[in-house]
Amino acid sequence: MSNKFYAHETAVVDPGCTIGDETKIWHFSHIMTGCSIGFKCNIGQNVVISDGVKLGNNVKIQNNVSVYTGVICEDDVFLGPSMVFTNILNPRSAVVRKSQYIETLVKKGASIGANATILCGNEIGKYALIGAGSVVTKPVKNYALVVGNPSRQIGWVSEYGHRLKFNGEGNAECPESKQKYKLKDETVIRIL
C-alpha cells in the first residue's frame, strides 16, 4: 500500500489493498482487503470498496456508493451519489453465493448518475452517460446516453458529456471540445 494517498481519520483502510498516489478517501469510507484503487481517485464519504474491486486512475466516487466484488471501473469513471451496483441476480439471505458473483465492467470515461442502479453482468461502454435514477438491465454502447427504468438509449454524447447532434452524413461535433464524431451502423467513434 502506498503512503502517498490521503485517508480521513474516520476512514477504514484494511491492510492488503493497493491505493495509488494522490488518491483521497473521505469520511466514514471503508476500503477492504484485496481491492485495487488507481492514482488520483476521489472516494467520497460513506463509500465501501469491496474485496476484488478494481478502480483505474482518476475515478471519482461520490457519497454513499458501495462498489461490490465483481465491479471493475476503468480510468476516468464517474459514479454519482447513491448509485448502486449489484453483483448477483438472485440474492437470498439464507443462500451463500459468493462464488457466483457476476462481473460488471464500467469502461473508460463513463459516468453514472445519482441514484442509478446497474444490474450485474452488464458492460457500460466508453464515455457512456447513464442518467440519474436509471436502472440499467442490459449492456450500454460506447458514447450512449441512457435514461429511465428500465433504461433505454435516447441519444449519444461526446467525451465531454455533451449531447451529439449528427447530420445526415452521420457527423457531429462536440460544442465544447470541438472533437468530431462519426455515427455508422449504430456505433459512434471519435474521428478527431
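The values are calculated or read from the model by the stated rules, or taken from the named source; none is laboratory data. Treat the numbers as computed from the prediction; the structure is a model and nothing was measured. Positions of Cβ are generated from backbone atoms using ideal geometry, with glycine treated the same way; all protein chains shown enter the neighbour counts.
Summary table below
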item: All positions within the stretch 24-43 that are surrounded by fewer than 20 Cβ atoms within 10 Å (Cβ to Cβ), assigned to a loop (DSSP other than H, G, I, E, B) and in contact with a His (Cβ under 9 Å, 6 or more places away or on another chain); result: W26, H27, F28
item: Set V65, V47, V53: member being at pLDDT 95 or above, over 18 Å from G113 (Cα atoms), among the β-branched types (V, I, T) and touching a strand residue (DSSP E or B) at 6+ places or on another chain (Cβ under 6 Å); result: V53
item: Selection count where residues are among the charged types (D, E, K, R) and crowded, with 18+ Cβ neighbours inside 10 Å, scope the stretch 73-97; result: 2
item: Filter result (in a strand (DSSP E or B) and either at pLDDT below 95 or under 20 Å from the mean Cα position of the chain (by Cα) (or both)) within the stretch 141-188; result: A144, L145, V146, V147, R152, Q153, I154, G155, W156, V157, R163, V188
item: Any chance V96 is free of Cβ contacts under 8 Å to residues at least 12 places away in the same chain and either among the hydrophobic types (A, V, I, L, M, F, W, C) or farther than 19 Å from I118 by Cα (or both); result: yes
item: Residues of the stretch 45-57 satisfying the condition of being surrounded by fewer than 20 Cβ atoms within 10 Å (Cβ to Cβ), within 15 Å of the chain's Cα centre (by Cα) and assigned to a loop (DSSP other than H, G, I, E, B); result: N57
